[in-house]
Amino acid sequence: MTARILVRLGADAEAVEKLRDDAERLGFEVREQARVGRLPIMQKPGFAERWIEIRPQVERHKISLREAARRLGCGVSTLHRLLHSTDRPHDAQTTSTAPVS
């Protein structure tokens, strides 16, 4: 970000490159672009583990989507998307990866 500001302020490319090198030498991670926006729900800390526990209860209608959303700290629409997604990325964490013989 500092590099972007310096470039906008008219600093020359050599000064920007020196700052970047200094930052890397000091152990800072230098990224070209920062990620903007919210994390995907499955990448939020602890969500996937809680979802694995709650999902069977939702699918068996033991708890409502509203109750599951409250427990997970997300919206009902988010749960609805997870339950009905076609690629079902949440299944990757619940299925076994053992080879079939």
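Since every read-out is calculated from the coordinates, none of them should be taken as a lab result. What you see is a predicted model, and the numbers here were worked out from it, not measured in a lab. With ideal geometry, Cβ positions are generated from the backbone for all residues, glycine too; neighbour counts draw on all protein chains shown.
A few notes on this one:
- Sorting the segments 68-79, 15-26 by their mean number of nearby beta carbons within 10 angstrom, highest to lowest, gives 68-79, 15-26.
- Neighbour-count order for I63, I41, fewest beta carbons within 10 angstrom listed first: I63, I41
- Sum of side-chain charges, G75 neighbourhood, beta-carbon under 11 Å (Lys, Arg +1; Asp, Glu -1): +3
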